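K.L.:
Below you will find the structure I want to go over with you.
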Amino acid sequence: KAGVTQTPRYLIKTRGQQVTLSCSPISGHRSVSWYQQTPGQGLQFLFEYFSETQRNKGNFPGRFSGRQFSNSRSEMNVSTLELGDSALYLCASSLDPGGRTEAFFGQGTRLTVV
Amino acid sequence: GESVGLHLPTLSVQEGDNSIINCAYSNSASDYFIWYKQESGKGPQFIIDIRSNMDKRQGQRVTVLLNKTVKHLSLQIAATQPGDSAVYFCAENKDNFNKFYFGSGTKLNVKP
């Protein structure tokens, strides 16, 4: 069974640009969550999608958005990039939407903003 | 690697010894906990989970202990191996969503 796939693995963008990251969950998983990981703040929850609906959002500005498609694949978008957005963006998929089962992570997308 | 922070606590153990990694969680309402292992360049990997109606759970070479009174989790790794070298995170969940709150992590360094 294929794991969580995130693309691209690495990105370099310039301040002010926007970026879209993609996540394909494990087959059959309908819950997708996104996290930002930085050395200073650690792993922080961005948002969660289930059945194409955003169910929960973390404490991030509106520049961070996402969506989920009918096949459960998810994308997140960051607009007007800032240097501080440089981070590893991780996607996790879960079979159970209730937050009581394993969340499987992808390898992440390393975003560097210059 | 991406998971290493500037101020991550580090635990150094000799190969073959047992390791104990500790985590203090923040919310007394949290009722589900996961330990993750993150190697350099990779995403977090599930190790073991525990629900709040338990105080101990064992897996292969790993044991998680939960003390709800003091909001403390520990991960015990038996016969630590060089392949166990990584950053370990605890994560807690208190809602009926897949929204986990992660600890800051502990770097485990296994000396051969």
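K.L.:
Using only atoms on other chains, find how many Cβ atoms lie within 10 Å of each Cβ of peptide B:54-65 and report the average.
P.N.:
On the way: counts 0, 0, 0, 0, 0, 0, 0, 0, 0, 0, 0, 0.
That works out to 0 on average.
K.L.:
Please average, across the residues of B:69-81, the number of beta carbons from any other chain that are within 10 Å of each residue's own beta carbon, and give a whole number. Present the calculation step by step, with values, prior to reporting the outcome.
P.N.:
Details: counts 0, 0, 0, 0, 0, 0, 0, 0, 0, 0, 0, 0, 0.
Going residue by residue through B:69-81 and averaging, the value is 0.
K.L.:
Please list A:107-113, A:56-62, B:80-86 highest first by mean number of surrounding beta-carbon atoms within 10 Å per residue.
P.N.:
On the way: A:107-113: 19.1, A:56-62: 12.9, B:80-86: 16.6.
Ranking, from highest mean packing down: A:107-113, B:80-86, A:56-62.
K.L.:
Please find the FRET efficiency linking A:Gln41 to A:Arg67, where r is the Cβ-Cβ separation and R0 is fixed at 25 Å, and quote it to the nearest 0.05. Working shown, then result.
P.N.:
Numbers: r = 24 Å, r/R0 = 0.96.
The calculated FRET efficiency here is 0.55.
K.L.:
In this model, which of B:Lys42/B:Lys68; B:Lys42/B:Lys99; A:Lys57/B:Lys56; B:Lys71/B:Lys99 are farther than 29 Å apart at the alpha-carbon? All intermediate terms of the calculation are to be shown ahead of the outcome.
P.N.:
Numbers: B:Lys42/B:Lys68 31 Å; B:Lys42/B:Lys99 20 Å; A:Lys57/B:Lys56 31 Å; B:Lys71/B:Lys99 19 Å.
Checking Cα-Cα distances, B:Lys42/B:Lys68; A:Lys57/B:Lys56 exceed 29 Å.
K.L.:
Summarise the partner chain shielding of A:87-98 as one whole number: the mean count of Cβ atoms from other chains within 10 Å of each residue's Cβ. Numbers along the way, then the final one.
P.N.:
On the way: counts 1, 6, 0, 5, 1, 7, 1, 3, 0, 2, 3, 6.
Partner-chain Cβ atoms within 10 Å, mean over residues of A:87-98: 3.
K.L.:
Tell me, what % of the accessible area of chain B is carbon and sulfur with a 1.4 angstrom probe? Intermediate values should be presented prior to the final figure.
P.N.:
Working: 2510 of 5480 Å².
Within chain B, the accessible surface is 46 percent carbon and sulfur.
K.L.:
I've got another one for you. Quick one: how many Å² of B:Thr69 are accessible to a 1.4 Å probe, rounded to 10?
P.N.:
Counting only protein heavy atoms, the figure is 130 Å².
K.L.:
Let me ask something else about it. Once you order the gyration tensor axes a ≥ b ≥ c over the Cα atoms, which shape class does segment A:4-44 get: rounded for a/c under 1.5, otherwise prolate or oblate by comparing a/b with b/c? Working shown, then result.
P.N.:
Values: a/c = 2.53, a/b = 1.44, b/c = 1.75.
Oblate shape, in that a/c is at least 1.5 and b/c is the bigger or equal ratio.
K.L.:
Something else about it: Amide H of B:Gly105 versus every other amide H placed in the peptide plane: which residues, excluding those fewer than 5 positions away on the same chain, fall under 5 Å?
P.N.:
Those lying under 5 Å, H to H, from B:Gly105 are B:Cys90.
K.L.:
While we're looking at this one, here's another question. Stretched out fully, how many nm does the piece from B:Ala78 to B:Asn53 gain, at 0.36 nm a residue minus the Cα gap? Provide the component values of the computation, followed by the final result.
P.N.:
On the way: separation 25, 0.36 × 25 = 9.00 nm, distance 2.40 nm.
Difference between extended and current length: 6.6 nm.
K.L.:
Estimate for me the total accessible surface buried between chains A and B (protein heavy atoms, probe 1.4 Å, no ligands or nucleic acids), in Å² to the nearest 100. Write out the running numbers ahead of the final one.
P.N.:
Numbers: alone 6200 and 6570 Å², together 10550 Å².
Rounded to the nearest hundred, the buried surface is 2200 Å².
K.L.:
Follow-up. Through the Karplus equation 6.51 cos²θ - 1.76 cosθ + 1.60, θ set to phi - 60°, convert the phi angles of segment A:35-40 into ³J(HN,Hα) values in whole Hz; use x for Gly and Pro.
P.N.:
Per-residue couplings from phi come out as 9, 10, 10, 10, x, x Hz.
K.L.:
Something else about it: For A:Gly66, list long-range residues whose amide hydrogen, built 1.01 Å from N in the peptide plane, is under 5 Å from its own amide hydrogen.
P.N.:
Residues meeting the criterion, in which the H sits 1.01 Å from N, are A:Asn77.
K.L.:
Around A:Val32, with a cut-off of 9 angstrom between Cβ atoms, what is the net charge of the other residues, counting Lys and Arg +1 and Asp and Glu -1? Numbers along the way, then the final one.
P.N.:
Numbers: positive: A:Arg30, A:Arg73; negative: A:Glu48.
Taking every Cβ under 9 Å from that of A:Val32, the sum is +1.
K.L.:
For B:Lys71 and A:Ser51, what is the calculated FRET efficiency with R₀ set at 45 Å and r taken between the beta-carbons, to the nearest 0.05? Show your work: numbers first, answer last.
P.N.:
On the way: r = 33 Å, r/R0 = 0.74.
Computed FRET efficiency for B:Lys71 and A:Ser51: 0.85.
K.L.:
What is the sum of charges around B:Pro82, taking Lys and Arg as +1, Asp and Glu as -1, for the other residues whose C-beta is under 13 Å from the C-beta of B:Pro82? Mind showing how you got there, number by number?
P.N.:
Values: positive: B:Lys111; negative: B:Glu15, B:Asp17, B:Glu39, B:Asp84.
Within the 13 Å Cβ shell, the charges total -3.
K.L.:
Please compute the contact order of chain B in relative form: average sequence separation of alpha-carbon pairs under 8 Å and at least six residues apart, divided by the residue count, as a percent. Provide the component values of the computation, followed by the final result.
P.N.:
Working: 259 pairs, mean separation 41.1, N = 112.
This gives 37 percent for chain B.
The values are calculated or read from the model by the stated rules, or taken from the named source; none is laboratory data. These numbers come from a predicted model, not from an experiment. Here Cβ is always computed from backbone atoms with ideal geometry, including for glycine, and neighbour counts include all displayed protein chains. These accessible areas exclude ligands, DNA and RNA; they are computed on the full protein's heavy atoms, side chains included. Shrake-Rupley method; radii C 1.70, N 1.55, O 1.52, S 1.80 Å.
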